[in-house]
């Protein structure tokens, strides 16, 4: 279901022109970008990790926990990104997104299913037009991003044409680490154009960026180039979505909105497996970015097994008894064949 | 110079590790009272397990199930026999703990420990035999082989006897795990120390982590969560007899929600009693935690 508010913002804004204004330069050069990005305050690593750890100690119980679990479920991008993905597996995942818990139909649906570009049609068909569950496709030579620009754009257009509501692109980490920020900027801006109305999530692969300073710079660069979402990882590289990294990204989107008035979403992906973890992230969202982000339009979890744990916790709260894997629908019925 | 006693604070046994209780609680364990004394001497601190420890233990038991149930019967028998060997080498400690816990004489405690060790050997011998005894080829009216075979039921919650701290404990654990089940055991509240030493024996024998999980504490607090737990397949209520504040009827009722197999305590209602563990066992406890799989196969000429 594509409502006007769900389409990408700033699709018409020329990212390069806006960047020139923000940087106060007449021509966007790599040097101008470098000066600007390296002028961002450095991240206090110890302080950031301590803050993330302290936010993780909050005790969320009873009705707050109930709310948090339902909110977290509604924020999930239910993901399958395997070479062995079959149409059956994608349909199974879509069925799970439509009815996450057959024993309790009041369970909210996840925000989206996230698949490879060639599975978009299958996912779209399985979800139907009115489910409210979006289809996100990874593009631009996911997960490495090592392909020519023409291939990346074709990959993106292909997924959009197949009906993807959201595109998850990867940045060129090689160029970023080499200090070639302009290339990264231009690639994001061009992919953004190719997306049309689809919202663009920019995967920074923070596990390959080495430092927290780089995470902050990549976040600002992605927003400057027009990303609708900044996303931590592909899920293929360890470490993936850690709490300190997400905290830095949440600070970045908060500051970006103060600077430009535009809101950008955040999506931690990979490694978030338990309800406890998910609730820690929600606490961090509320404390760092603010409650405006506590909505699946602005915050997502890229995950596959997280949903099952959230469902177990939800059943525990509704029935009063601990639950087990036998009471959760198996979303991968066709992997063995 | 007088030496200070080293007073121990024991921990739980979950998933092959010895964690503290999630609740951070512990309680004091005293020896059985002797003569006119109200209370025996202080022995040690034991961890007071909580419902969340039980939850973690069930997760560990569930994770250990495929490996243990999938092990060959021969292998499981060897592992159980190994537990007997390790207990034998720690005999003096076990004897002392049983004496302290149950107030027995040295000779009586020695005899109890011997019987507990022999019980492992007895059940170990059954590991590759009970399937033949309890299953078999069924005569059916058609050209089919019809075969019934016993399989483990899954994760079993066990309320260990309150009185018999070692022999009773072994007599409820061994029949559960010999067939391939994994278990979560709530020990005697007043006499937990032999159970902790048994946990140390299990950890240093070849029993895979998570197959036996031992929680010390009060059954009345933990048992209702295990009885209602939907990922527990069976519950042994033997230890509900004589446990403070435990209503075994209510536990049986809670177990009905996911159709758990329930092994009731001996006796009825409030008159439930602990069985005499010194009796030679039979297969009933082993059989209580099995499922029967029946296979039809067409018969050629």
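The values are calculated or read from the model by the stated rules, or taken from the named source; none is laboratory data. A quick note: this is a predicted structure, and the numbers were derived from the prediction, not measured. Glycine also receives a Cβ, built like all others from the backbone with ideal geometry; neighbour counts cover every protein chain displayed.
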Next item on the list: Examine region A:220-243 for a residue that is farther than 30 Å from residue A:158 by Cα and surrounded by 24 or more Cβ atoms within 10 Å (Cβ to Cβ), and state whether such a residue exists.
Entry: no
Next item on the list: Could you list, in sequence order, all residues of region B:44-55 that are touching a strand residue (DSSP E or B) at 6+ places or on another chain (Cβ under 6 Å) and surrounded by fewer than 21 Cβ atoms within 10 Å (Cβ to Cβ)?
Entry: B:44, B:45
Note to self: Condition first: out of contact with any strand residue (DSSP E or B) (no Cβ under 6 Å at 6 or more places or on another chain) and more than 22 Å from residue B:92 (Cα to Cα). Now tell me which residues in region B:178-199 satisfy that.
What the structure shows: B:178, B:189
Next item on the list: Take region B:48-66 and flag every residue that is away from chain A (no Cβ under 14 Å) and touching a helix residue (DSSP H, G or I) at 6+ places or on another chain (Cβ under 8 Å).
Entry: B:49
Item checked: region A:192-205, subset crowded, with 24+ Cβ neighbours inside 10 Å and without any contact (Cβ under 8 Å) to a residue 60 or more places away in the chain, residue farthest from residue A:179 (Cα to Cα) -> A:202
Next item on the list: Kindly indicate which of A:321, A:329 is outside any helix (DSSP H, G or I), under 19 Å from residue B:62 (Cβ atoms) and away from chain B (no Cβ under 14 Å).
Entry: A:329
Notebook entry, point to check: Consider residue A:128 against the criteria (1) out of contact with any helix residue (DSSP H, G or I) (no Cβ under 9 Å at 6 or more places or on another chain); (2) on the phi > 0 side of the Ramachandran plot: it satisfies all of them except one. Which criterion is unmet?
Noted result: (1)
Checklist line | Elements of type strands (runs of 3 or more DSSP E) contained in region B:123-238, each with 3 or more residues being within 14 Å of chain A (Cβ to nearest Cβ) | finding: B:155-159
Note to self: If the requirement is being buried (at least 17 other Cβ atoms within 10 Å of the Cβ) and either closer than 22 Å to residue B:279 by Cα or modelled with pLDDT of 95 or more (or both), which of these qualifies: B:69, B:107?
What the structure shows: B:69
Notebook entry, point to check: Counting only residues that are closer than 18 Å to residue A:164 by Cβ and in contact with a strand residue (DSSP E or B) (Cβ under 8 Å, 6 or more places away or on another chain), how many does region A:90-113 have?
Noted result: 8
Next item on the list: Could you pull out the residue among B:34, B:39 that is more than 14 Å from chain A (Cβ to nearest Cβ), part of a loop (DSSP other than H, G, I, E, B) and touching a strand residue (DSSP E or B) at 6+ places or on another chain (Cβ under 8 Å)?
Entry: B:39
Check: Any idea which of B:256, B:266, B:250 is over 22 Å from residue A:326 (Cα atoms) and within 14 Å of chain A (Cβ to nearest Cβ)?
Finding: B:250
Next item on the list: Report, by residue number, each residue of region A:96-128 that is closer than 26 Å to residue A:69 by Cα and surrounded by fewer than 17 Cβ atoms within 10 Å (Cβ to Cβ).
Entry: A:98, A:99, A:102, A:103, A:104, A:105, A:106, A:128
Check: Pick from region B:267-301 the residues that are in a loop (DSSP other than H, G, I, E, B), at pLDDT below 85 and surrounded by fewer than 16 Cβ atoms within 10 Å (Cβ to Cβ): which of them is nearest to the chain's Cα centre (by Cα)?
Finding: B:267
Notebook entry, point to check: in contact with a strand residue (DSSP E or B) (Cβ under 6 Å, 6 or more places away or on another chain) and either more than 17 Å from residue B:169 (Cα to Cα) or outside any loop (DSSP other than H, G, I, E, B) (or both) - does that describe any residue in region B:108-118?
Noted result: no
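What is the residue count in region B:2-19 for residues that are at pLDDT below 95 and in a loop (DSSP other than H, G, I, E, B)?
Keep residues of region B:2-19 that are at pLDDT below 95, which gives B:2-9.
Cutting the leftovers down to in a loop (DSSP other than H, G, I, E, B) gives us B:2-8.
Going through region B:2-19 one residue at a time, the tally reaches 7.
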Next item on the list: Could you tell me which of the residues B:213, B:233, B:146 is surrounded by fewer than 24 Cβ atoms within 10 Å (Cβ to Cβ) and either touching a helix residue (DSSP H, G or I) at 6+ places or on another chain (Cβ under 7 Å) or at negative phi (or both)?
Entry: B:146
Next item on the list: Just give me the residues in region B:240-256 being assigned to a loop (DSSP other than H, G, I, E, B), in contact (Cβ under 8 Å) with a residue 12 or more places away in the chain and surrounded by fewer than 17 Cβ atoms within 10 Å (Cβ to Cβ), in sequence order.
Entry: B:242, B:244, B:245
Margin query: Exactly one condition in (1) more than 14 Å from chain A (Cβ to nearest Cβ); (2) over 19 Å from the mean Cα position of the chain (by Cα); (3) at positive phi is false for residue B:242; which is it?
Written below: (2)
Checklist line | Answer from A:287, A:251 - the residue that is in contact with a helix residue (DSSP H, G or I) (Cβ under 8 Å, 6 or more places away or on another chain), surrounded by fewer than 16 Cβ atoms within 10 Å (Cβ to Cβ) and more than 14 Å from chain B (Cβ to nearest Cβ) | finding: A:287
